[in-house]
Ligand code: SF4
């Protein structure tokens, strides 16, 4: 007989999208049920599991309890020591494990205005539709003021959910889904073991839109390597043109030590591109986006151009301008920009025109011993510090 899992307290998973920094995180599954994408180190070595429904509901109740205590404290001016709340809570696990986490989550949630909730981990929509609807309803009952409930989901999973069930989730409050499309090229998707082809990515994206749920699609510049640069850019743009997601989020490829793709790179089986080639790919991609009204977001530290943000089609010209300008710079100035941006001496390409900032960035190149020829090696070293 299968042993029933006992409640071990409030849990949180390891990641959330950058745009969910202010959100309360509610973990409904652990890790990723697929876990084979070669560029993704996040859940490698961890086993996927579903959390029992009643444990998730208990987590929500626990945070709600702390939120009410915090709001009451603010209203009455009564200061309860943080640990004092825990002895008050009738909902804690036997060990009290996870309570401090729940209390911190409640504090963050209250401080950020209690507007958004992100449900974790890597593919939450894999649980039974009835269960997710129940969780969403419970969240809405506990926090009626919440404006946004968001989740990560795989295209493969969404493509198998009926339109009716997706609509039930939307009606219960799920109003944004983040999909890691990464690429629209079947060759790239197969190589990186994404577990979804282009047709599935398009089908899933269109289903989410049909359900009236806001859709964020992630594109990973660089994932096709040097060999598939053009195909990766154009096929991804084509897939997105067929979906018209609300957001297209850029997340440039990095190679963390524990990602299988890093081993391929070290063995010479994957040709990672440098800054200039990746910029060229990004330009191909942006120029191929046609007939859609998506908002482009460059909300990740790994992206070279944080100014590539705007709403299509009106801002397209403005978004491609800095990339074109960068590609026309001398190798020396390209290096100063890349190192300057990666070391935070510069934020945007136009900062190169500020003599004081230019000097800082040039000094950073000197300190790192970077030359135009060794630029990409120097950048890799810097990037290792923040992945
Ligand atoms: S589906 Fe997402 S979380 Fe899972 S391995 Fe792939 S990228 Fe990582």
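Shown here is the pair-distance distribution of the range 208-309: with all Cα-Cα distances grouped in 10 Å bins from zero up to the longest one, the shares run 15, 45, 30, 10, 0 percent.
Computed over the chain with a Gaussian network model linking Cα atoms closer than 10 Å, the most mobile of 244, 31, 165 is 165. To two decimal places, what compactness ratio does the chain give when its Cα radius of gyration is scaled by 2.2 N^0.38 Å? Cα-based Rg divided by the globular estimate yields 1.07. Using the Cβ-Cβ distance between residue 384 and residue 314 with R0 = 41 Å, the FRET efficiency computed as 1/(1 + (r/R0)^6) comes to roughly 0.65. A compact globular protein would have a Cα radius of gyration near 2.2 N^0.38 Å; the ratio found for the range 265-320 is 1.33. When the helices of the chain are scored as -39500 (n - 2.57) per DSSP H run of n ≥ 4 and the total is divided over every residue, the value at 222 nm lands at -14000 deg cm²/dmol.
Taking label points 7 Å from Cα along the Cα-to-Cβ direction, residue 141 and residue 301 give a separation of 4.1 nm.
Rg(Cα) of the range 144-224 divided by 2.2 N^0.38 Å?
Values: Rg = 13.3 Å, N = 81, 2.2 N^0.38 = 11.7 Å.
Normalised Rg, Cα atoms only: 1.14.
Can you say what percent of the DSSP beta bridges in the chain, counting only those with both residues inside, are antiparallel? Round to 5. Kindly include the intermediate steps, with their values, before the conclusion.
On the way: 4 of 28 bridges.
Roughly 15 percent of the beta bridges in the chain run antiparallel, per DSSP.
Who wins for biggest fluctuation among 224, 122, 310 in a Gaussian network model of the chain, springs between alpha carbons below 10 Å? So, out of 224, 122, 310, the one fluctuating most is 310.
Starting from the Cα gyration tensor of the range 227-376, take the square roots of the eigenvalues, sort them a ≥ b ≥ c, and report rounded, prolate or oblate (rounded when a/c is under 1.5, otherwise prolate if a/b is larger than b/c, else oblate).
Details: a/c = 2.10, a/b = 1.25, b/c = 1.69.
Verdict is oblate for the range 227-376.
If you run the Gaussian network model on the chain, springs between alpha carbon atoms under 10 Å, then out of 245, 144, 322 the most flexible one is 144.
Please give the length that would be gained between residue 74 and residue 186 if that part of the chain were fully extended, namely 0.36 nm times their separation in residues minus their C-alpha to C-alpha distance (nm, one decimal).
Working: separation 112, 0.36 × 112 = 40.32 nm, distance 5.43 nm.
Full extension of this stretch gives 34.9 nm more.
Taken along the Cα-to-beta-carbon direction at a fixed 7 Å, the label points for residue 288 and residue 167 span 3.5 nm.
What translational diffusion coefficient, to the nearest whole µm²/s, does the range 1-72 have by Stokes-Einstein, given a Kirkwood radius computed over alpha-carbon pairs, a temperature of 20 °C and 1.002 mPa s viscosity? The diffusion coefficient I find is 149 µm²/s.
Just so you know, all these numbers are worked out from the coordinates, no wet-lab data involved. Nothing here was measured: the structure is a model prediction, and the numbers come from that model. All Cβ positions, glycine included, derive from the backbone under ideal geometry; neighbour counts span all protein chains shown.
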